[in-house]
Every structure is written in C-alpha cells, then in structure tokens.
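Okay, so here's the structure we're looking at.
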C-alpha cells in the first residue's frame, strides 16, 4: 500500500473512539492497520504477517478468509438482505433456530437472536426478570456472578462483570448484583488442596445465597471457563456443584458460552459435554459465525417458556438486527463447515499438543502458570514462582510481551500480567510450534528488558 494512502487512513482512524482506548493518548499514535487476513494469519499495511493468537476476539473459529462463507453471505444479500424481525420471519433465522435447538443440550429449544454476546447476556437477564414477574415473584431479581468474570458492555452486563478494570469511571448497578470469588486454583491458599479450594468456593456461593435470601436470588451467570478473566479453568465438579445448588434454591443457571461455544473446547456447547450440566439458559455469540458477521443467540429451556406462556404477556424486547438473515446465513454455513470438516475432532486432537507445547514456557522464570482448556490458554507472569505474586512492579507486563511478540510476527491478548491465546480452531501442529516459539522468545526478550531496567531480577 502507498505511504500517502496509509497516512490518510491513520488520520481518519483517529476519528474512531476505539474500545478500551486511553483517552489521554487519543489521537497521538497510529494503531496497526490490518489490511488482509487468511487462515490463522493477519497482514498489516506493510505486508508483514502475524499469527492471530487471540483468534480475533475469541471468535475466528474456522480461520480467516473462508470463501464459502463469503459466497453464502453474498448470495443472501442479493436474494434478501433484511426484513423486520418485529413483523416478519426470515427463512435463515428459522433454519438456524432449528439447528441450534438440535445442537443444544436438554430442552433448550427456544432461540432469541441478538447482535452480539453482550446483548445475549442482557437478554438472558431481562428474561429472568420477566419470568419472575409473570410468576408473581417480583422480589426474586438478585443476580450472582464471579470475580474475574466478563459478561458484556451493556449497563447490566457490565455491572455483573467481575473485573476491576471494567469499573473505571462508569456507573454500575449494585443493589441487586453480587459477586463470589474467582475459581482460580492457582490462586488458592498455601497448603490448600484443590479439593479444599473447591469446597471453599461452593460454600461461599451457598452462603451468599442464604445471606441474600433464596427467595430473592433469581440467577447465577457463569462462563464455563473464565475467558478474559485469564483463562481460568475451575476445579473438577465445581460447575456441577454450583448447578446443583441453583436447582436446590430455584435459581436460574445461565451458562455464558459466548467464548466456549462452537468448538473452542471441542463441542458446539460444552456445558453438558464437558461439565455434566444442562443450564436453564445458554448464551452464545462470537464463534457462532466465526466472527465473520455479528450475531448472538439465547437458548431458553422449554420448562421456563411453558411456565410463563399460560396467560397473555408480551415479550417486549428485541433489536433491529435480531435474526438478521445475512448473519444467520453466515452462522449456518459456519456450522456446516465445522461439521463437514470435522473441526471439533481436530480441536480434541490438537488441544493436548497445544497445551503440552505451551508448558515449555515454564522454563522462563517469570512464567508462573500456564493453564487453559481446548484451544484457549492463559500464561500468567509472576515475580517469583514460590510466592506467586503477580508482577505488581509492572502490571502491564503482558503489554510489554505483546510489543515483543509483534516484532516477531505474533499477536497476543495482553491482560495486565496474563497473556491470552485462542487461535483459530484449524491451527496445525507446525503452526502451534511457530506460535509458541515466538511467544517463548517474546517473553524472554521482555524479561531481559525488565532486568536491564532494574525492575526485576530472577
């Protein structure tokens, strides 16, 4: 690309308020301009190739540049680009709802389409409120989430998000929102077994319910694996025990599968397959179209729908782009490709190799924990491995690693002192090797710079 044109685009980009942009730096620097994508790779304005380590934003499941999806989307736009979901039906939305009903566990057969994951979780929570109001339980509205969880950027979903980073200068709901501790076994107490840690978290959850009052607690929402919270995999049986407590106290269990759905863990939905539960509601987005076009979906239990469908009551909730026919077309083709190319089997086969290779990072002194599941992983950096103290001297250590990674042709997701990976599900062994080798070098280079600056010594 010509330099003059690139400069022009960079100037125009400064008009964009980007997500998570530091306002004091606005307009003072040029973001990397991505102009091409293919397979697991992205290419910048200079033609440099990068491994897309985060898979976009946990969403590029079948890889970049898939011509089948492009053609399907093109044909749908030429045939019927849009109709109002408030008054008409779309063939593609109906077909996708049927497919999702077949893929989902248990009786989750009612599908509501949204533009994205935030609106999917918002819808699930608003449905909970409607549900309890119709049943004559207006006091049963309290929601429990977890520290380190992320559930979206709408007012309510941002309120239930349990990350301090997300609470900067915005207003949030607090009167009926509660959080319990993160289920990160790496952060358990010294000399505490994983089983004891799990027992502690289960007790904390039920104690919180009893403190609020079971007649007031309406829903518990949880990611099966906490994604942007640092790829936290809960202890064995943790999820099932929380689900059982929810059933005991008549609390809706909402499984946020926005990240884990559509193959990330080797299943279309992992709640039942990996963790042995059938939630009352599952939310999804991201991988449903592999990120090609925005789309989210809420899957609701027949049991819930039947209990509130006896009397006339309008479901006064929806979006301009609910069940958008072009988005649904992309999702249908995406699911077809995942099935036909046996991508779920590929994930199950390559994930062990992915995690085995990542464990070589333990050789680097600042790497304290390497964790994950399926094709998602988090690498946590610490001052020393015995104390497990995060690099509080420089909480942005992951950003430093990201800078070094970019030099080597790798993009990661930096979250304070944690490096997050979620590559496309089509990644091959040699690409895993290349990714991890680049990350190893990047962390090593960042470590050397910290030592040189006198900020850390191993």
Restricting to the stretch 193-226, give me the number of residues that are assigned to a loop (DSSP other than H, G, I, E, B) and more than 27 Å from residue 260 (Cβ to Cβ).
4
Residue check, residue 130 against (1) outside any loop (DSSP other than H, G, I, E, B); (2) surrounded by 18 or more Cβ atoms within 10 Å (Cβ to Cβ), all met but one. Which one?
(2)
So which residues in the stretch 187-224 are crowded, with 21+ Cβ neighbours inside 10 Å and out of contact with any helix residue (DSSP H, G or I) (no Cβ under 8 Å at 6 or more places or on another chain)?
223
Screening 157, 161 for residues that are more than 20 Å from residue 418 (Cα to Cα) and either buried (at least 22 other Cβ atoms within 10 Å of the Cβ) or not assigned by TED's automatic domain parsing to the domain that holds residue 285 (or both) leaves only 157
Among the candidates 323, 374, 368, residue that is touching a strand residue (DSSP E or B) at 6+ places or on another chain (Cβ under 9 Å) and farther than 19 Å from residue 449 by Cβ:
323
Any residue at all in the stretch 376-387 that's closer than 16 Å to residue 230 by Cβ, touching a helix residue (DSSP H, G or I) at 6+ places or on another chain (Cβ under 7 Å) and surrounded by fewer than 21 Cβ atoms within 10 Å (Cβ to Cβ)?
no
Can you name the residue in the stretch 272-306 that is assigned to a loop (DSSP other than H, G, I, E, B) and farther than 29 Å from residue 65 by Cα and, of all such residues, is nearest to the chain's Cα centre (by Cα)?
279
From the options 106, 55, 47, residue that is crowded, with 19+ Cβ neighbours inside 10 Å and on the phi > 0 side of the Ramachandran plot:
55
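The values are calculated or read from the model by the stated rules, or taken from the named source; none is laboratory data. Remember, it's a predicted structure, so these values are computed and weren't measured experimentally. Glycine also receives a Cβ, built like all others from the backbone with ideal geometry; neighbour counts cover every protein chain displayed.
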